[in-house]
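See below for the structure under consideration.
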Amino acid sequence: MAPQPLKHTVLAAFATACLLTVAAAQQPRILVQGHRGARAERPENTIPAFEYAISHGVDVLELDVSVTKDNVLVVSHDPVLETPVCSGPENKVLIRTLTLAEIRRWDCGKLKNPQFAKQVPVPGTRMPTLDEVFALAPRGNFEFNVETKISPKRPELAPPPEEFARLVFDQIRKHKLEKRVILQSFDFRTLIAMRKLAPAVRLSALTSNDPRDFAAITAEAANAEIISPHFHLVTPEKVAAAHKAGIQVVPWTADDPAEWERLIAAKVDAIITDDPVALLAYLKAKGLH
């Protein structure tokens, strides 16, 4: 076969590049939520983890809040203090039984979590308050996805849902973050309470094993704007139905490229991951961020 004239080759390459650009532009941008900040790289739910995520361009900081004995919102996934997340004067103690001053005796950055090979310890790191995490807001345009750690089966671990929601909203209002905060929970009582208290705050219904359509789940969570299922529950059909109902789909917690690829194919709106830096790079390489 005779070689193509140079002009035709250049034009063909240009046309292909244009088609790829248009295809990328038609793909919806997928947001990246740093799970507990960036716990694959830094101690979870700490200021160093949030700062690390912010510095690398994360879209949303995902975090968890518990309530101390003196009714201070602190950022912790588990209702107890114990290794390897935090180390202190006792082997294991409930956050709800301690004051903030007592919690500050614990080091939540000293030990490396063995689940995450890349995690870098930051000794001397204390458990932050929600107030301190919200104070990071001026560092960018990122949002906050705040989970209330509460369960009707363990009422001793948290204040009543209405009080919990009020404590969170007090901090949202203090920092003027009504448009930058999402409230999420497995316990929909705090979502219902927040809807009554502050209708403008977006809500996200967390679920780990509910097989129903996503719209049916959010209907029980004060008509939450977002559904946040475990990633194994996500299918293209469920995502399409949710989008048709005006609901965003934000699965958790996907850390593997194979998982990311499946969620991308399902057309989710965002992905919660322990390794936001790796996910950002993966999405950018595909023109999806």
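Rule-based calculations on the coordinates, nothing more; no lab input. Everything numeric in this text was worked out from a predicted model, so none of it was measured. Note that each Cβ is placed from the backbone with ideal geometry, even for glycine, and that neighbours are counted across all protein chains shown.
Using only the alpha carbon atoms of segment 224-276, find the Kirkwood hydrodynamic radius as the inverse mean reciprocal pair distance, in angstroms to one decimal.
10.8
To the nearest 20 debye, what is the magnitude of the charge dipole of the chain about its Cα centre, counting +1 on the Cβ of each Lys and Arg and -1 on the Cβ of each Asp and Glu?
That gives a dipole near 520 debye.
If every alpha-carbon in segment 135-226 counts as one equal scatterer, what log10 I(q)/I(0) does Debye give at q = 0.20, 0.21 1/Å?
Normalising to I(0) and taking log10 leaves -0.94, -1.02.
For segment 94-139, rounded, prolate or oblate, judged on the Cα gyration tensor with a ≥ b ≥ c (square roots of eigenvalues), a/c < 1.5 rounded, else prolate if a/b > b/c? Please report the intermediate quantities before stating the final value.
On the way: a/c = 2.28, a/b = 1.17, b/c = 1.95.
Taking the square roots of the gyration eigenvalues as a ≥ b ≥ c, segment 94-139 is oblate.
Quick one: Debye curve from the alpha-carbon atoms of segment 33-123 only, equal weights, vacuum; give me log10 I(q)/I(0) at q = 0.25 Å⁻¹ to two decimals.
-1.26
Please list, in order, the residues from segment 93-133 whose amide nitrogen is less than 17 Å from a point placed 7 Å along the Cα→Cβ vector of Ser151.
93-97
Scan around Val93 for amide H atoms under 5 Å from its own, H built in the peptide plane at 1.01 Å from N, and keep only partners 5 or more places away or cross-chain.
Under 5 Å from the amide H of Val93: Leu81.
How big is the antiparallel share of DSSP beta bridges in the chain, given as a percent to the nearest 5?
Of those bridges, close to 20 percent are antiparallel.
Give Lys153/Lys244; Lys149/Lys174; Lys179/Lys284; Lys244/Lys284; Lys92/Lys176; Lys69/Lys112 a once-over and call out the pairs whose C-alpha atoms are over 31 Å from each other.
Lys153/Lys244; Lys92/Lys176
Rounded to the nearest 500, what is the chain's calculated 222 nm mean residue ellipticity when only DSSP H runs of at least 4 contribute -39500 (n - 2.57) each, over all residues? Please list the in-between numbers first.
Numbers: 10 runs with 98 residues, N = 289.
Rounded to the nearest 500, it is -10000 deg cm²/dmol.
Name the residues of segment 151-178 whose amide N is less than 18 Å from a point 7 angstrom out from the Cα of Lys196 along the C-beta direction?
Output list for this probe position: 151-152, 159-170.
To the nearest 0.05, what FRET efficiency results for Lys118 and Glu90 with a Förster distance of 35 Å applied to their C-beta separation?
0.75
Can you classify the chain as rounded, prolate or oblate using the Cα gyration tensor, where a ≥ b ≥ c are the square roots of its eigenvalues, rounded means a/c under 1.5, and otherwise it's prolate if a/b beats b/c and oblate if not? It would help to have the intermediate numbers written out before the result.
Working: a/c = 2.34, a/b = 1.63, b/c = 1.43.
Here the chain falls in the prolate category.
Along the charge dipole of the chain, Cβ charges K/R +1 and D/E -1, which of Thr207, Gly287, Gly109 sits furthest on the positive end?
Going by the Cα projections, it comes out as Gly287.
According to a simple spin-label model (label point 7 Å from Cα along Cα-to-Cβ), what is the distance in nm between Arg139 and Ala219?
Result for the modelled spin labels: 4.2 nm.
Would you kindly state how much longer the chain becomes between His77 and Glu162 on full extension, computed as 0.36 nm times their sequence separation minus their alpha carbon distance, in nm to one decimal?
Net length gain for the segment: 28.6 nm.
What is the spin-label model distance, in nm, from Arg29 to Ala241 if the labels are put 7 Å beyond Cα along the C-beta direction?
Each label point is offset 7 Å from its Cα along the Cβ direction, giving 3.0 nm.
Translational diffusion coefficient of segment 132-181 at 37 °C, 0.692 mPa s, Stokes-Einstein with Kirkwood Rh over Cα pairs, in µm²/s as a whole number.
Taking Rh from Cα pairs, D becomes 271 µm²/s.
If you build the convex hull over the alpha carbons only and average its shadow over all orientations, what do you get for segment 64-201? Give it in nm² to one decimal.
On the way: hull surface 35.0 nm².
Orientation-averaged projected area of the Cα hull: 8.7 nm².
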